[in-house]
Structures are given as structure tokens and as C-alpha cells.
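Below is one structure, written out as C-alpha cells; the observations come after it.
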Amino acid sequence: MRQVRILFSVLAVCIATAQAHQTAASSTTLRFTSSNPSLEKSFAWAVPQALAYSHNITSDAAGPWYEAALPGRDAFCMRDVSHQARGAAALGLDAANFNMLSRFAMAIAPERDWAGYWEIDKDGKASNADYVDDEDFWYNLPANFDVLDAIVRMWVWTGDNRYVDRPEMKRYFQKTANEYVAAWNLQTDKVLQRDRIMHRRKTQGKFIDARGIPSYTEGRKDFNLGIDLLAAKYRAFVDLGLLAIHYEQKQQGEAYRQIAEETRRVIDERAWLQDGKHYAGFLSSESKPKGSGDMFLLYFGVLKASEKREGALRYLGSQEYLNSIGIEEESYLPDVFFRYGLVDAAYDRIADLTRDNKERRD
């Protein structure tokens, strides 16, 4: 099981990455063997494919990095790096992980209502694919919380205290927990009534309808709150509680854990679909809950052992769900299925994600 978990970590690096423009100088001693030839084939494809997307410190102004964005952008995205960091760590790309996560942390600013840069390019600047100026840029609101969780996971993985003791990291944690939450009305008593797009300062612009999307879902607009946003917030505040122990701030840690529990309670009370026996993905003041939020709730560890959690897992295995998602969401599924003991379902997703004719496999 441990070997298979590592396999998915490797696959996670390359599932949602961009087309490579440079051969990596990195290497790895990671090895995998299995009685299942399909898994060995997947691993043999995944490692060189992932390493082809890494860049060493002398190549670009950004420093060490790996491509984690749409093809051709020469950039790394907050969501993709958060998802791929564990795979990169398994491949020995710790310097890139620390560099990229640090850059995201340093980018948050009051001029952007404590949002950062959704994508950073190889020159270490906000990618012009998503950024015009501080009033006109693309941003998905789960990102601050997702990056915070990735920083904590990499700290636990590596034991490198720079992840949590450096001033830019401490600032990121504090501003995300307080100013960011307040700026975007993500407090428990406000989040259900928030406007979909806030802080609109221009009547016209390239990204004015995407400056603070309340979800990672980008194609639909019939909601004002994504369950993935609440799930990411829950995990971030659990992480903040862990950090408070490290900083010997017991009282603050209790406050963070209380916020996490309040967020979990909102999800359980508002997003559960009794008829469908799973969790909705989108909330709106104008219509009933809809869609599916099950995957991110399981990925971020929100759901406690219960019939509801089992219902969410059953829904993730249904053809209704699997036929409705793209490769980005599918790439999370092996990890989720393994975590909750659905080994055969995890094998099926690995095989599908790595088959030769899989669209967007690279």
C-alpha cells in the first residue's frame, strides 16, 4: 500500500502539468515494483514525464520550479502546485517546492484584498495569462487555504522549519486566517450571504468576473459559494491549529480549531443532499444546493466516519459522477480512494489517467 501511495504522489505531478519546454536536470532514486504490470507501466511513464517539467535554479529568474499550469504558459499555479507538491517531494524536488510556495506566500497584498498571484511565470512575475493589474486579475478563492495546507504538508514531510518559521510564511498564515477571511466574507456567520464576486472596482476588464471566484469550478456561475472553498478553509484552520502548537500558542490554537469545526458544521447542515445521499458542490441563496462537493470534502478530510461519508464515497464511484468530471478533478481520486480503503477504485483511476490515449494525459 505504501508503494502505491507513492505512485500516486508521482502521478500527481504530471497529471495537470503543462507542456515541457526544457529538459530537467533533476533526478530521483525513487523506485517502484509491483506484481501488476499496469502499475509498473504507469510509474515508468510518470517519473520521466514529471521530471521533464522541472527547471533548475540557473535556468530562470523564478529560481527552481516545475511547470504546473496550462500548456505554453511557462508558469506555476496555486492550485496545481498545492496538488502536485507531494509528488514533487517524492521526486526530490524539495527546492522547487519551497521556492514556489514561498513565492505564493510573499505575493499576497492588501491591494488585491490579500489575494496573491494565481499563476507565477518563469521570470518570477504574475503571469499575464491571468493578471492585468491589481484590479483586474483571475483568482479562485480556495487558493489561499490550499497553499497554506500545502506549506504545512511539506513542513511535516521534510521537517524543514523554514516552511513555518520564515517571516513571509508567518505573515501568510496570519493574513490568510484574518484579513483574507474578512475581506472576502468567509466568516461562518457571513459566508452563506456573501456576494459571488466582491470588490469589483472596474466596469470593464479582462478578468473582472473572475476576481475572486468562490470555488475551483470556473465554468458555471449559478452559485455564490463552492463547497470546495469551505472544505479548503476547514483544512487550513486545522493546519493553523497545528501551527499554533508549534508556536506554543495554545489559546490561539483552540480558536482556530473552533473555526474549523464551525465550518464543518455549516457544510454538514447545508450541503448534504438527502435525496441523493451525497454532498452538493454549490450553494446559492436563490436555488437549492446542487452539483457534487464530495471529492474535495474527502480530499481535505472534512467528513467524519458516518453514513454520510460512505454516501459521498459511493457517489464518487458512480458513473454519473465519473462521466461529469475533467482530468483535473479525476487526478485527485486515486489519493482519495486509497485513503478510504477503496483500493480497486484507486487502481482503476490510475489506469485511466495514464492510458496511452488519455486526452491531456501529460
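Working only within segment 125-151, note down all residues that are touching a helix residue (DSSP H, G or I) at 6+ places or on another chain (Cβ under 9 Å) and of a type in the set (A, V, I, L, M, F, W, C). Scanning segment 125-151 gives Ala126, Phe137, Leu141, Ala143, Phe145, Val147, Leu148, Ala150, Ile151.
Every listed requirement among (1) crowded, with 21+ Cβ neighbours inside 10 Å; (2) modelled with pLDDT under 95 is met by Ala305 save one, (1). State the number of residues belonging to segment 316-344 that are part of a loop (DSSP other than H, G, I, E, B) and either in contact with a Ser or Thr (Cβ under 9 Å, 6 or more places away or on another chain) or more than 19 Å from Gly281 (Cα to Cα) (or both). Count: 5.
I'm trying to understand the selection: among the residues of segment 141-197, which are farther than 30 Å from Leu283 by Cα and small (Gly, Ala, Ser)?
The first filter runs over segment 141-197 and keeps only residues farther than 30 Å from Leu283 by Cα, leaving 154-171.
Of everything in segment 141-197, just one residue is farther than 30 Å from Leu283 by Cα and small (Gly, Ala, Ser), namely Gly159.
Only a single criterion out of (1) closer than 27 Å to Phe145 by Cα; (2) in a helix (DSSP H, G or I) is not satisfied by Ala61, namely (2).
Restricting attention to segment 188-207, the residues being among the aliphatic types (A, V, I, L, M) and either in a loop (DSSP other than H, G, I, E, B) or exposed (fewer than 13 other Cβ atoms within 10 Å of the Cβ) (or both) number 2. Inside segment 64-97, residues that are assigned to a helix (DSSP H, G or I) and under 16 Å from the mean Cα position of the chain (by Cα) make up a count of 13. Of the set (1) part of a helix (DSSP H, G or I); (2) within 25 Å of Thr217 (Cβ to Cβ), all apply to Ala50 but (2).
The residue list Asn140, Asn178, Asn144 contains one member that is touching a Ser or Thr at 6+ places or on another chain (Cβ under 6 Å) and more than 18 Å from Asp94 (Cα to Cα), which is Asn144.
Look at segment 212-235 and say how many of its residues are β-branched (Val, Ile, Thr) and under 21 Å from Tyr131 (Cβ atoms). Outline the logic, then answer.
Start the filter on segment 212-235 by keeping residues that are β-branched (Val, Ile, Thr), which leaves 213, 217, 227.
Next, from what is left, pick out any that are under 21 Å from Tyr131 (Cβ atoms): 213, 217.
Residues in segment 212-235 being β-branched (Val, Ile, Thr) and under 21 Å from Tyr131 (Cβ atoms): 2 in total.
Are any residues in segment 344-357 touching a helix residue (DSSP H, G or I) at 6+ places or on another chain (Cβ under 7 Å) and either within 22 Å of Gly72 (Cα to Cα) or aliphatic (A, V, I, L, M) (or both), and if so, which ones? Of everything in segment 344-357, those that are touching a helix residue (DSSP H, G or I) at 6+ places or on another chain (Cβ under 7 Å) and either within 22 Å of Gly72 (Cα to Cα) or aliphatic (A, V, I, L, M) (or both) turn out to be Ala345, Ala346, Ile350, Ala351, Leu353, Thr354.
Per-residue answers, yes or no, for (1) more than 22 Å from Asn36 (Cβ to Cβ); (2) surrounded by fewer than 19 Cβ atoms within 10 Å (Cβ to Cβ); (3) not hydroxyl-bearing (Ser, Thr, Tyr):
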{"site": "Leu283", "(1), (2), (3)": "yes, no, yes"}
{"site": "Leu298", "(1), (2), (3)": "yes, no, yes"}
{"site": "Gly317", "(1), (2), (3)": "no, yes, yes"}
{"site": "Glu320", "(1), (2), (3)": "yes, yes, yes"}
{"site": "Ser331", "(1), (2), (3)": "no, no, no"}
{"site": "Pro334", "(1), (2), (3)": "no, no, yes"}
{"site": "Tyr340", "(1), (2), (3)": "no, yes, no"}
{"site": "Ala351", "(1), (2), (3)": "no, yes, yes"}
{"site": "Lys358", "(1), (2), (3)": "no, yes, yes"}
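In segment 117-136, what count of residues is obtained for those that are crowded, with 24+ Cβ neighbours inside 10 Å and aromatic (Phe, Trp, Tyr)? Residues flagged as crowded, with 24+ Cβ neighbours inside 10 Å and aromatic (Phe, Trp, Tyr) within segment 117-136 amount to 2.
Could you tell me which of the residues Ala183, Ala143, Ala210, Ala150 is of a type in the set (Gly, Ala, Ser), under 23 Å from Gln84 (Cβ atoms), surrounded by fewer than 21 Cβ atoms within 10 Å (Cβ to Cβ) and at pLDDT 95 or above?
Only one candidate passes the filter, namely Ala210.
Among the residues of segment 132-171, count how many are free of Cβ contacts under 8 Å to residues at least 24 places away in the same chain and not charged (D, E, K, R).
Taking segment 132-171 first, the residues free of Cβ contacts under 8 Å to residues at least 24 places away in the same chain are 133, 155-156, 159, 161, 165, 167, 170.
Then drop every residue that is not not charged (D, E, K, R), which leaves 155-156, 159, 161, 167.
So the answer is 5.
Within segment 242-267, residues that are modelled with pLDDT of 95 or more and surrounded by 16 or more Cβ atoms within 10 Å (Cβ to Cβ) sit with their Cβ atoms under 6 Å from residues that are in a helix (DSSP H, G or I) and of a type in the set (S, T, N, Q), at 6+ positions apart or across chains, in these pairs: Ala244/Gln252.
If you scan segment 32-63, which residues turn out to be β-branched (Val, Ile, Thr), more than 23 Å from the chain's Cα centre (by Cα) and at pLDDT 90 or above? Write out each step before concluding.
Looking only at segment 32-63, we keep the residues that are β-branched (Val, Ile, Thr), and these are 33, 47, 57-58.
Now restrict to residues that are more than 23 Å from the chain's Cα centre (by Cα): 33, 57-58.
Hit for segment 32-63 is Thr33, nothing else.
Scanning segment 195-243 for residues that are more than 22 Å from the chain's Cα centre (by Cα) and among the basic types (Lys, Arg) yields Arg200, Arg201, Lys202, Lys206.
In segment 220-315, which helices (runs of 4 or more DSSP H) lie fully inside it and hold 3 or more residues that are over 23 Å from Val147 (Cβ atoms)? Please lay out each step first, then the result.
Values: elements: 227-246, 250-270, 294-299.
Result: 250-270.
The values are calculated or read from the model by the stated rules, or taken from the named source; none is laboratory data. Since this is a predicted model, take the numbers as computed values, not measurements. Please note: Cβ atoms are built from the backbone with ideal geometry, for glycine as well, and neighbour counts cover all protein chains shown.
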